[in-house]
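Novice: Let me begin by handing over the structure; questions about it come next.
The values are calculated or read from the model by the stated rules, or taken from the named source; none is laboratory data. Everything numeric in this text was worked out from a predicted model, so none of it was measured. As a convention, Cβ positions derive from the backbone with ideal geometry for all residues, glycine included, and neighbour counts pool all protein chains shown. Keep in mind that these areas ignore ligands, DNA and RNA; they rest on the heavy atoms of the full protein, side chains included. Shrake-Rupley method; radii C 1.70, N 1.55, O 1.52, S 1.80 Å.
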Amino acid sequence: MKKNSEIQQKTMRNEGIKVTSPLLPDLNEFTELLKDIWNRKWITNNGQYHQQLEQALAEYLKVPFVSLFTNGTLPLLTALQALNITGEIITTPYSFVATTHSIWWNGCQPVFVDVEEETCGIDPDKIEAAITPRTTAIMPVHCYGHPVKMNRIQEIADRHGLKVIYDAAHAFGVEIDGESVLNAGNMSTLSFHATKVYNTLEGGALIVHDAETKRQIDYLKNFGFAGETEVVAPGINSKVDEVRAAYGLLNLKQVNTAIARRKKVAERYREALREVPGIRFFDDMPNVRHNYSYFPIFVDAKKYGMTRDQLYFRMQESGIYGRRYFYPLISTFSPYRNLKSANPQNLQVATRLADEVICLPMHHELSDSDVLKVIEVISEM
Ligand SMILES: *Cc1c(COP(=O)(O)O)cnc(C)c1O
């Protein structure tokens, strides 16, 4: 306890250690691009920087086609529209609410399936029991950027004629054996929100596999316009402006450096926390290029001697601001809790993980001494 109050005094002198910090481009470089935009006076509607960013992202991510969006929620909505998804969609409760909201906004019914401890993603062994004649799609999440079991999911989808839409908001740049996870399924979505590994302030993208689908998506994000006088679908507006596209081009140049720093932080956390009883975390998966977007730990209260919430608030008292992602489960929120599949008995692993998790501070600006403070508070009880 004495040790802890010392740490507290130390951390109170600065602003505290935040869970994340946005990757920001160099302001002078950004200003140069702004001047260019001001000169050209083309500020939105598929401008030059917009086209460049879609190209550059497709190359960086090793995917055939990227369609930019104004956030990471609209590509989810649009993917379901484009694929004419109706009826029931099988999904995970252990995610950010936008995953399930996108199903609801399409007039479909979310059906929650439990997750597996190994990835925190949907458990393939439990999908088939949730399929009914109304099921049309599966929407998994690569939670924390850990790839879910895509081959297993695809097998099930093929057997039952279902579409697969991945909410890959956390999986920017994640690869298995050199292949992007974003190439799996029918479509994958990304979020470029300020809190993500790569941001365009707000932003997102839909990853598609062929030129015809890309064309269709580009219509849908522009009100359904296929030409000056032709509207082919009831589209939405999710066009990215030139300012954000320019910002995104600059951030793309430094994202690898940011990921490299995150990797160092993850290595340091693992080395120190491996010795702490009751604290579980993920190791790197073989052949996977991780993006170190989050560093979740799971607190086993019996073995650790303190509950997750006790540790969470203890960290806060010491100026360390973790986040309980993903707690509470989506299935416990009022719009969804009355669904049959929202019964906690059906979601035992997800419920336990949600009660055990804390995402530790993880970003490119954490100093070695910040990391040490986090480790000290968790290991000195
Ligand atoms: C961030 C996030 C989204 C939504 O992205 P926005 O850009 O904030 O709209 C969707 N799904 C998951 C899993 C996310 O983490």
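Novice: For q values of 0.08 Å⁻¹, compute log₁₀ I(q)/I(0) with the Debye formula on a Cα-only model of the chain, without solvent.
Specialist: For the chain at q = 0.08 Å⁻¹, log10 I(q)/I(0) is -0.43.
Novice: Given Cβ point charges of +1 (Lys, Arg) and -1 (Asp, Glu) and nothing else, what value in debye, to the nearest 20, does the dipole of the stretch 27-252 about its Cα centre take?
Specialist: Dipole about the Cα centre, nearest 20: 560 debye.
Novice: Hey, if you put +1 on the Cβ of every Lys and Arg and -1 on every Asp and Glu Cβ in the chain, which of 298, 377, 44 ends up farthest toward the positive end of that dipole?
Specialist: Working it through, the farthest residue towards the positive pole turns out to be 377.
Novice: Compute the relative contact order of the chain as a whole-number percentage, counting only Cα pairs closer than 8 Å that sit 6 or more residues apart in sequence.
Specialist: 24
Novice: Given charges of +1 on the Cβ of Lys and Arg and -1 on the Cβ of Asp and Glu, with all other atoms neutral, how large is the dipole of the chain about its Cα centre, in debye to the nearest 20?
Specialist: On the way: 41 positive and 45 negative charges, 161 e Å.
Charge dipole, the chain, about its Cα centre: 780 debye, nearest 20.
Novice: Over all distinct alpha-carbon pairs, what is the Kirkwood Rh of the stretch 271-381 in angstrom?
Specialist: Hydrodynamic radius (Kirkwood, Cα only) of the stretch 271-381 equals 15.4 Å.
Novice: Of the peptides 230-239, 348-357, how do they stack up when ordered by the mean number of other Cβ atoms within 10 Å, highest first?
Specialist: Per-residue Cβ counts within 10 Å, averaged per peptide and sorted highest first, yield 348-357, 230-239.
Novice: Take residue 125 and residue 48, extend 7 Å from each Cα along the Cα→Cβ direction, and tell me the distance between the two endpoints in nm.
Specialist: Result: 5.7 nm between the two label points.
Novice: Could you state the number of Å between the C-alpha centres of the stretch 272-315 and the stretch 20-85?
Specialist: Each part's Cα centre sits 34 Å from the other's.
Novice: Could you sort 225, 172 by accessible area so the largest value comes first, with the probe set to 1.4 Å?
Specialist: 225, 172
Novice: Given a 1.4 Å probe, how much area per residue of the chain is accessible, in Å²?
Specialist: Normalised by residue count, the accessible surface of the chain is 45 Å².
Novice: Here's a follow-up. Once you list every other residue whose beta carbon is under 14 Å from the beta carbon of residue 243, what net charge do they have if Lys and Arg are +1 and Asp and Glu are -1?
Specialist: My count for the surroundings of residue 243 gives -1.
Novice: Pairs of Cα atoms under 8 Å, at least six residues apart: use those to get the relative contact order of the stretch 27-252, whole percent.
Specialist: 27
Novice: Let me ask something additional. Packing-wise, with mean Cβ within 10 Å as the measure, how do 249-258, 25-34, 188-197, 144-153 rank, highest first?
Specialist: The peptides rank, most packed first, as 188-197, 144-153, 249-258, 25-34.
Novice: Could you order the peptides 275-281, 73-79 from most to least packed, using the average number of other C-beta atoms within 10 Å per residue?
Specialist: The peptides rank, most packed first, as 73-79, 275-281.
Novice: Using +1 at the Cβ of each Lys and Arg and -1 at the Cβ of each Asp and Glu in the chain, identify which of 217, 258, 313 lies farthest towards the dipole's positive end.
Specialist: Comparing the listed Cα positions along the dipole, 313 ranks first.
Novice: Now for a different question. Expressed in nm to one decimal, what extension gain is obtained for the pair residue 179 and residue 337 from 0.36 nm per residue of sequence separation less their Cα-Cα distance?
Specialist: 53.1 nm
Novice: Another question about this same structure. Once every DSSP H run of n ≥ 4 in the chain is given -39500 (n - 2.57) and the sum is divided by its residues, what mean residue ellipticity at 222 nm do you get, rounded to the nearest 500 deg cm²/dmol?
Specialist: -11500 deg cm²/dmol
Novice: Once phi is turned into θ = phi - 60°, what whole-Hz ³J(HN,Hα) does the Karplus curve with 6.51, -1.76 and 1.60 give for every residue of the stretch 132-146, x standing for Gly and Pro?
Specialist: 10, x, 8, 5, 10, 7, 10, 10, x, 10, 7, 5, 6, x, 7
Novice: Unpartnered cysteines of the chain (Cβ-Cβ under 4.7 Å counts as a partner)?
Specialist: Among the cysteines of the chain, those whose Cβ sits 4.7 Å or more from every other are 108, 359.
Novice: Now for a different question. For the stretch 27-252, what value does the Rg/Rh ratio take when both radii are computed over Cα atoms and Rh is the Kirkwood radius, given to two decimals? Please report the intermediate quantities before stating the final value.
Specialist: Numbers: Rg = 17.6 Å, Rh = 17.9 Å.
Here the Rg-to-Rh quotient is 0.99.
Novice: Quick check: the distance between the Cα centres of the stretch 348-376 and the stretch 204-257, to the nearest angstrom?
Specialist: Between the Cα centres of the stretch 348-376 and the stretch 204-257 lies a distance of 34 Å.
Novice: When the chain is fully extended, how far beyond the present Cα-Cα distance does residue 194 get from residue 84, taking 0.36 nm per residue of separation?
Specialist: That works out to 36.6 nm of additional length.
Novice: Net charge around residue 121, counting only other residues with Cβ within less than 13 Å of its Cβ (Lys, Arg = +1; Asp, Glu = -1)?
Specialist: That works out to -4.
Novice: May I ask which residue of 366, 92, 226 lies farthest towards the positive end of the charge dipole of the chain, with charges of +1 (Lys, Arg) and -1 (Asp, Glu) on Cβ and the Cα centre as origin?
Specialist: Most positive-ward Cα: 366.
Novice: Further question: With all distinct Cα pairs included, what does the Kirkwood hydrodynamic radius of the stretch 247-306 come out to in Å, to one decimal, could you say?
Specialist: 13.4
Novice: Once you list every other residue whose beta carbon is under 15 Å from the beta carbon of residue 76, what net charge do they have if Lys and Arg are +1 and Asp and Glu are -1? Don't jump to the answer; show the numbers that get you there.
Specialist: Details: positive: 163, 196, 221; negative: 167, 202.
So the environment of residue 76 carries a net charge of +1.
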